[in-house]
Amino acid sequence: MLSRAGAVSALSLAAMSTSLVAPGAAPEAAAATHAAKALRIASSKKGSPYQYGATGPRRFDCSGLTLYSYKKAGKTLPRTAAQQHNRTKRISPANRRKGDLVFFHSGGNVYHVGIYAGGGRIWHSPKSGAVVRLEKIWTGNVRYGRVN
């Protein structure tokens, strides 16, 4: 049983530790919120046709879809997949979360990007003649990035 002084000290310690932890946690929570919104926006574009250089709202190329989705979620990304790759925080496959960006690469060249949907799948605008769709990640040559 805690004495009155012990209870106050325990409450003070809990309050202080919460205030110390909360500021560091806020950016992660905000990033998760933006990522969830971007994922919802990308999925709402299901069936939109691919068009090279298009950034929405009716047609998209791969980086146009990620740019559009994150912009609507309140975050700014550069235009191309390679530029987006350079702007995001690297995430290991074990730490990927829904809404993270998935970059496809060959050697050092990033050539495609999508938004991670969970379960090894992405929302993306794949190529000419195709539409925005949910698809399984088809290669191990990917890197993950988190938009801050």
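Restricting Ala25, Ala36, Ala42 to those that are crowded, with 20+ Cβ neighbours inside 10 Å and either at pLDDT below 70 or not basic (Lys, Arg) (or both) reduces the list to Ala42. I need every pair where a residue in the stretch 72-95 that is closer than 21 Å to Phe60 by Cα has its Cβ under 8 Å from the Cβ of a residue that is of a type in the set (Phe, Trp, Tyr) and open to solvent by 100 Å² or more (accessible area, probe 1.4 Å), sequence separation at least 6 or different chains. Every condition considered, the pairs that remain are Ala81/Tyr111. Of all residues in the stretch 70-89, one or more are within 14 Å of the chain's Cα centre (by Cα) and part of a strand (DSSP E or B). Checking Ser106 against (1) open to solvent by 70 Å² or more (accessible area, probe 1.4 Å); (2) within 15 Å of the chain's Cα centre (by Cα), which single condition isn't satisfied? All conditions are met except number (2).
Restricting to the stretch 117-141, name every residue that is within 24 Å of Ala73 (Cβ to Cβ) and either in contact with a helix residue (DSSP H, G or I) (Cβ under 8 Å, 6 or more places away or on another chain) or of a type in the set (Gly, Ala, Ser) (or both). Ala117, Gly118, Gly119, Gly120, Trp123, His124, Ser125, Pro126, Ala130, Val132, Leu134, listed by residue number. For the stretch 109-133, the set of residues classified as free of Cβ contacts under 8 Å to residues at least 60 places away in the same chain, among the β-branched types (Val, Ile, Thr) and open to solvent by 10 Å² or more (accessible area, probe 1.4 Å) consists of Val110 only.
The values are calculated or read from the model by the stated rules, or taken from the named source; none is laboratory data. Here the structure is a predicted model, which is why all the values come from computation and not from measurement. Counting neighbours? That spans all protein chains shown, and the Cβs are built from the backbone with ideal geometry, glycine included. Just so you know, the surface numbers come from the protein's heavy atoms only, side chains and all, with ligands and any DNA or RNA stripped out. Shrake-Rupley method; radii C 1.70, N 1.55, O 1.52, S 1.80 Å.
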